[in-house]
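Peer 1: One structure is given below, represented as structure tokens, and several questions about it will come after.
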Amino acid sequence: MPLALAACVPQADRGTVHGFRQSVAQGNFQAATNIASGLAGVGANGRGTELLWSMNAGGTALHAQDHVRAVTLLDGAEEMMRAAEEASFNWGRTYRFGTYDAVMVNTYKAIAMLGRGDPANARVELNRLEERQARTVQRFRNEIAAAMADAERQQAQDPSRSQALQNAQQSPEVREQLQALDRWRSYQPFVNPAGTYLRALFLLNSGEPGDADQARTAFERVAGIAGNPRVVAEDLALARRAAQGRRDAPQVWVIFENGQSPVFEQMNFTVPMPVYMHGGVTIRPVTVSMPRMVFQPDAYRAIEARAGNARATTVTVASIEGVMASEFRARYDGLLAAAVFEAIAKAAGISVVGAATRNASPLVAILADVAATTAANVTQSDTRSWLMLPREFQAARLPVPANGRLELQALGGPSEVVQLPAGRSALVLVKAQAPGSPLSIQVHPL
């Protein structure tokens with residue numbers, strides 16, 4: 001059982017994680033895959049026994065264009081996700097993945113299937129990501145409802161906890177984080193348009209009966225989430241014509257995985273809280289630990305694509321940081337309540353230090369109590385995240401030129417030229433993880 005094996009996997013030290021991130025930033029995805037595979041505990045079957053690093057390894061293998069290895073690694077990650085879902089929120093040490101993670105596993109598998117020349121299984125993955133998204137939305141809603149119900153139960157049993165939670169909510173650190181998250185209020189929690197957009201492109205170009213109409217519906221969904229960017233509006237017009245039997249000439253879509261998604265850091269803040277000490281309740285400073293979302297920069301502002309006389313510049317069709325922020329905000333109240341109540345419990349336990357000094361002077365006893373409760377930040381927040389996710393997905397579309405030559409220029413960065421397949425539509429996937437990163441490019445016929 002994958003979850004049972006996770007505890008046997010070596011933990012990632014800071015130096016190894018730094019080496020992984022540096023390899024990705026330099027575009028050395030093969031080296032990054034090897035690092036991540038070691039941390040994932042990959043066995044003879046090519047699958048890992050640790051969820052998060054299996055995801056990282058699968059993502060880097062995709063961009064190393066080792067598509068067979070990518071599919072195997074991500075298959076293993078998806079199996080572990082299913083096992084975690086069956087654990088009824090009892091995650092243990094397993095990475096607590098988000099809906100965006102789950103959808104992107106299937107999205108990356110679909111791209112890797114296209115890289116293997118296997119459109120039939122790419123279709124399976126794209127259909128699966130929509131099914132998973134709907135299913136996972138409900139699972140996370142249930143998890144959040146369970147967390148909030150537990151918080152309400154604890155506050156009902158001990159009314160002083162309501163005051164403790166209110167004090168934490170009013171802390172400058174929490175208020176600053178909520179303000180940063182609220183800029184993404186327009187994004188619907190638990191919905192990831194990146195996979196939906198890729199599925200729409202696939203269906204638009206499949207030529208199968210009924211697919212163009214499904215593509216139209218998918219483009220409409222993306223337009224509603226992303227604010228109807230021009231490229232999606234034009235894609236929607238293509239889908240409507242295709243649904244009426246009028247297909248345009250072959251097109252090329254440039255998909256730019258721009259930058260890195262937000263990372264999480266531990267945030268410690270201290271507020272006065274009621275703590276049970278010496279047989280009664282007293283107010284003491286208690287330190288609470290929470291994950292804080294830290295937003296990352298673009299690699300480049302956009303990609304300008306030139307094909308013959310046509311030019312187009314990529315625009316955002318899916319903000320992964322927006323998807324992550326909206327989901328983190330939806331979970332935040334429950335996470336904060338759990339962190340506050342755990343900190344109070346830790347403070348009460350550590351306060352035995354004060355009890356041991358009661359025979360000392362009153363000042364020594366008071367200082368010992370304060371030191372003990374302030375030291376209650378022994379709790380560690382889970383700050384893990386899938387480091388291979390981009391900050392955003394951008395897209396541009398152009399007609400395929402007669403000579404098949406496509407020029408790509410990162411605004412403020414490097415340029416590359418790729419050759420497109422003749423006489424058919426294609427997907428060009430470009431990735432740059434950080435400012436100064438090279439453009440990693442792969443071309444897939446559609």
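Every number in this text was worked out from the coordinates using simple rules, so none of it is lab data. What you see is a predicted model, and the numbers here were worked out from it, not measured in a lab. Glycine gets a Cβ as well: all are built from the backbone with ideal geometry, and neighbour counts include every protein chain shown.
Peer 1: For Ala338 and Leu411, FRET efficiency with R0 = 35 Å and r from the beta-carbon atoms, rounded to 0.05? Intermediate values should be presented prior to the final figure.
Peer 2: Details: r = 43 Å, r/R0 = 1.23.
E(calc), rounded to 0.05, equals 0.20.
Peer 1: Now for a separate question. At a 10 Å Cβ-Cβ cut-off, how would you order Trp253, Trp184, fewest neighbours first? List each step's numbers first, then the result.
Peer 2: Numbers: Trp253 25, Trp184 18.
In increasing order of surrounding Cβ atoms, one gets Trp184, Trp253.
Peer 1: Tally Lys/Arg at +1 and Asp/Glu at -1 over every other residue whose Cβ is under 9 Å from the Cβ of Glu257; what's the total?
Peer 2: Details: positive: Arg391, Lys431; negative: Glu392.
Combined, the nearby Lys, Arg, Asp and Glu give +1.
Peer 1: How much FRET efficiency would the formula 1/(1 + (r/R0)^6) give for Ala146 and Arg301, where r is the Cβ-Cβ distance and R0 is 56 Å, rounded to 0.05?
Peer 2: On the way: r = 42 Å, r/R0 = 0.75.
FRET efficiency, Ala146 to Arg301: 0.85.
Peer 1: Still on this structure, please answer the following. Would you mind getting me the FRET efficiency between His18 and Arg93? Use the beta-carbon distance for r and R0 = 25 Å, nearest 0.05. Let's see the in-between values first.
Peer 2: Details: r = 22 Å, r/R0 = 0.88.
Computed FRET efficiency for His18 and Arg93: 0.70.
Peer 1: How much length, in nm to one decimal, is gained on full extension between Arg241 and Thr217, taken as 0.36 nm per residue of separation minus their Cα-Cα distance? Walk me through the intermediate numbers first.
Peer 2: Numbers: separation 24, 0.36 × 24 = 8.64 nm, distance 1.32 nm.
Result for the pair: 7.3 nm of gain on full extension.
Peer 1: If you keep only loop residues by DSSP, which chymotrypsin sites (Phe, Trp or Tyr not before Pro) in the range 24-131 have at most 16 other Cβ atoms within 10 Å of their Cβ?
Peer 2: Hits after loop and neighbour filter: Phe89, Trp91.
Peer 1: Could you give each residue of the range 400-405 its phi-based ³J(HN,Hα) in whole Hz, using Karplus coefficients 6.51, -1.76, 1.60 with θ = phi - 60°, and x for Gly or Pro?
Peer 2: In residue order, the calculated couplings are 6, x, 4, 7, x, 8 Hz.
Peer 1: Here's another thing I want to ask about it. Helix 29-40 sits at what angle to the longest principal axis of the chain, using alpha carbons and giving 0 to 90 degrees rounded to 10?
Peer 2: 40
Peer 1: A further question on this structure: Once the convex hull of the C-alpha atoms of the chain is built, how many Å³ does it hold per residue, rounded to a whole number? List each step's numbers first, then the result.
Peer 2: Working: hull volume 66.6 nm³, N = 446.
Hull volume over Cα atoms, normalised by residue count, gives 149 Å³.
Peer 1: Ignoring everything except DSSP H segments at least 4 long, calculate the 222 nm mean residue ellipticity for the chain; use -39,500 (n - 2.57) per segment, divide by total residues, nearest 500. Don't jump to the answer; show the numbers that get you there.
Peer 2: Working: 15 runs with 229 residues, N = 446.
So the helix-based figure for the chain works out to -17000 deg cm²/dmol.
Peer 1: Taking 7 Å along the Cα-to-C-beta vector as the label spot, tell me the Val294-Ala120 distance in nanometres, rounded to one decimal.
Peer 2: Result: 4.7 nm between the two label points.
Peer 1: What's the Cα-based Rg to Rh of the range 26-99, Rh via Kirkwood? Show your work: numbers first, answer last.
Peer 2: Numbers: Rg = 12.2 Å, Rh = 12.2 Å.
Using only Cα positions, Rg/Rh for the range 26-99 is 1.00.
Peer 1: Order these by the 10 Å Cβ neighbour count, fewest first: Glu208, Glu85.
Peer 2: Sorted ascending by nearby Cβ count, the order is Glu208, Glu85.
Peer 1: Quick one: net charge around Leu406, please, counting Lys, Arg +1 and Asp, Glu -1 for every other residue with C-beta under 14 Å from its C-beta.
Peer 2: Combined, the nearby Lys, Arg, Asp and Glu give +2.
Peer 1: Note the angle between two axes, namely the Cα long axis of helix 172-182 and the longest principal axis of the Cα atoms of the chain, as a number of degrees from 0 to 90, rounded to the nearest 10.
Peer 2: 20
Peer 1: Could you put Ser171, Ser385 in order, starting from the residue whose Cβ has the fewest other Cβ atoms within 10 Å? Walk me through the numbers before you get to the answer.
Peer 2: Numbers: Ser171 17, Ser385 24.
If I rank by nearby Cβ atoms, fewest first, I get Ser171, Ser385.
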